[in-house]
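J.: This is the structure, below, for whatever I ask next.
The values are calculated or read from the model by the stated rules, or taken from the named source; none is laboratory data. Predicted, not measured: the structure shown is a model, and the values here were computed from it. Here the Cβ positions follow ideal geometry from the backbone for every residue, glycine too, while neighbour counts run over all protein chains shown. Just so you know, the surface numbers come from the protein's heavy atoms only, side chains and all, with ligands and any DNA or RNA stripped out. Shrake-Rupley method; radii C 1.70, N 1.55, O 1.52, S 1.80 Å.
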Amino acid sequence: MNKILFCIPLLTSLSCNFILPTATPLPITSTPDVPFCQPAQSIIEGANGQIIHLNKDELLRVELDQNSSTGYEWLVDKIDSEKLTDLGSDYTYGENPMPGSGGTQFLCFQGVGSGSTILRLIYRQPWDLHVTPGPYNTPDFEITIEINE
């Protein structure tokens, strides 16, 4: 008797799967994705330690390798908000998005005041900001930005 009582709910739930209507696919739109942060300049890891020239109100995009599956990401550690505004970041997977593979983090900044300033980014897990990364981790990224009027 117990076996029959167990089978009735099981058979009922299985039969419900056959009654559901088929899902209709959503139409595909032809609108392409707009790239994040349309900058006047875009720099990569090789710019680490360099001086970057930017005009006031122009955008600067920093593109750095990142692996989001590790929890590590590039975070702003030092910025002078009177000269540079952090407009946020975005992430894209590499060409072969396999589990555990890396991608690129895009960070966007805008020059808002003239003068010289330092921008420092650190590669950390947001919940472990006090931890110094090991020797196998990417070093910090720091550039000097000269903002012209």
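J.: Keeping all protein chains in position, work out how much accessible area Ser42 exposes to a 1.4 Å probe, and write it in Å² to the nearest 10.
T.: Looks like 60 Å² after rounding.
J.: To continue, here is another question. Can you compute the FRET efficiency between Trp127 and Glu82 using 1/(1 + (r/R0)^6), with r the Cβ-Cβ distance and R0 = 22 Å? Round to the nearest 0.05. Working shown, then result.
T.: Values: r = 29 Å, r/R0 = 1.33.
Calculated transfer efficiency: 0.15.
J.: With every protein chain kept in the model, how would you rank His53, His130 by accessible area, 1.4 Å probe, largest at the top?
T.: Details: His53 115, His130 150 Å².
Final ranking, largest accessible area leading: His130, His53.
J.: Multiply the residue separation of Asp90 and Val112 by 0.36 nm, subtract the distance between their alpha-carbon atoms, and state the gained length in nm to one decimal.
T.: Numbers: separation 22, 0.36 × 22 = 7.92 nm, distance 2.11 nm.
Extra length available between Asp90 and Val112 comes to 5.8 nm.
J.: Tell me which residues come under 5 Å, amide H to amide H, from Phe36 once H is placed; ignore anything under 5 positions away on its chain.
T.: Long-range HN contacts for Phe36: none found.
J.: I would also like to ask the following. List the GluC sites (Glu not before Pro) in region 53-126 that DSSP assigns to loop (not H, G, I, E or B) and whose Cβ has at most 16 other Cβ atoms within 10 Å. Which are they? Display every interim value, and only then the final one.
T.: Details: sites: Glu58, Glu63, Glu73, Glu82, Glu95; in loops: Glu58, Glu82, Glu95.
Hits after loop and neighbour filter: Glu58, Glu82, Glu95.
J.: Given the whole protein assembly as supplied and a 1.4 Å probe, what does the accessible area of Asp80 come to in Å², nearest 10?
T.: Rounded to the nearest 10, that gives 50 Å².
J.: Report the accessible area of Tyr93, computed with a 1.4 Å probe over the heavy atoms of all protein chains in place, in Å² rounded to the nearest 10.
T.: Counting only protein heavy atoms, Tyr93 exposes about 130 Å² to solvent.
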